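Reviewing the structure listed below.
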Amino acid sequence: ARPKIAISACLLGERVRFNAGHKESRLCSREFAKHFDFVPLCPEMAIGLGTPRQPIRLVGDPASPRAVGTRDARLDVGAPLAAYGERMAGELDDIDGFIFMQKSPSCGLERVKVYQANGHPAEGTGRGLFAAAFCAHRPELPVEEEGRLHDPVLCENFVTRVFVHAEWRQS
Ligand code: SF4
């Protein structure tokens with residue numbers, strides 16, 4: 001069977017972003033789709049935020065940020081995003097990789113901005129709260145950000161790890 005990859009749904013052209021838009025990646029929707037089956041998911045939609053919606057961002061301690069609304073910080077969704085990440089990590093036991101949308105406070109894997117009280121982002125390495133919870137529970141799973149897959153070396157490395165995982169899972 002073809003390897004199966006979970007993917008941030010906006011990368012497949014689903015209109016699930018805060019502004020009801022998408023971030024279709026032709027690399028994924030056209031090239032990767034020839035070789036892999038996809039399981040698209042949008043954590044922000046899954047926890048009940050609709051479209052269009054108030055955007056969220058990470059704030060506070062970069063080591064354990066919160067995810068709050070950019071216009072109204074009373075919208076505080078870190079806990080449900082993390083819970084959904086943990087739940088999906090358990091449920092998606094038949095996937096061979098995950099392609100995440102970069103820079104997202106939910107889906108980003110690295111260098112997501114974490115805003116400080118002065119209104120500026122901290123230097124460093126925030127991780128989206130869905131992605132953080134998911135990856136913490138699936139450390140063996142090949143994961144990558146879509147943006148990095150445009151680098152041929154990183155792309156080949158990810159694809160190789162996905163096929164190795166698929167072979168192991170199906171053996
Ligand atoms: Fe949904 Fe993640 Fe895409 Fe944001 S980055 S729209 S949370 S799938």
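Under the rule of -39500 (n - 2.57) per DSSP H run of 4 or more residues, summed and divided by the residues of the chain, what mean residue ellipticity at 222 nm is obtained, to the nearest 500 deg cm²/dmol?
Numbers: 4 runs with 46 residues, N = 171.
Helix contribution divided over all residues of the chain: -8500 deg cm²/dmol.
If amide H atoms are built 1.01 Å from N in the plane of the peptide, which residues on other chains or at least 5 residues away come under 5 Å of the amide H of Ser106?
Here Leu129 satisfy the definition.
Treat each spin label as a single point 7 Å out from the Cα along the C-beta direction, and report the Glu123 to Ala83 distance in nm.
If labels sit at Glu123 and Ala83, their model points lie 3.7 nm apart.
In debye, nearest 20, what is the charge dipole magnitude of region 1-113 about its Cα centre with +1 on Lys and Arg Cβ and -1 on Asp and Glu Cβ, if you could check?
Numbers: 17 positive and 14 negative charges, 117 e Å.
The dipole magnitude comes to about 560 debye.
State the percent of C-alpha pairs, over all pairs in the chain, separated by a distance greater than 28 angstrom.
Values: 2915 of 14535 pairs.
In whole percent, the long-distance tail amounts to 20.
So how do Arg127, Arg2, Arg148 line up by other beta-carbon neighbours within 10 Å, fewest first? Could the numbers behind the result be given before it?
Numbers: Arg127 22, Arg2 10, Arg148 17.
If I rank by nearby Cβ atoms, fewest first, I get Arg2, Arg148, Arg127.
Could you put Lys4, Lys34 in order, starting from the residue whose Cβ has the fewest other Cβ atoms within 10 Å? The partial results should precede the final answer.
Values: Lys4 18, Lys34 7.
If I rank by nearby Cβ atoms, fewest first, I get Lys34, Lys4.
At what distance in angstrom do the alpha carbon centres of region 62-108 and region 117-135 lie from each other?
Their Cα centres are 10 Å away from one another.
Using +1 at the Cβ of each Lys and Arg and -1 at the Cβ of each Asp and Glu in region 88-137, identify which of Gly126, Phe98, Leu109 lies farthest towards the dipole's positive end.
Gly126
Considering only DSSP beta bridges with both partners in the chain, what is the antiparallel share in %, to the nearest 5?
Numbers: 7 of 20 bridges.
That works out to approximately 35 percent antiparallel.
Mind checking which lysines have their Cα closer than 16 Å to the Cα of Lys4? Skip sequence neighbours fewer than 8 apart in that chain.
Lys34
Using a 10 Å cut-off around each Cβ, can you sort Tyr115, Tyr84 from fewest to most neighbouring Cβ atoms?
Values: Tyr115 19, Tyr84 22.
So the ranking, lowest neighbour count to highest, is Tyr115, Tyr84.
Coordinate-derived values only; no laboratory data. Worth saying up front: this structure is predicted, and the values here are computed from it rather than measured. Note that we place each Cβ from the backbone using ideal geometry, even for glycine, and neighbour counts take in every protein chain shown.
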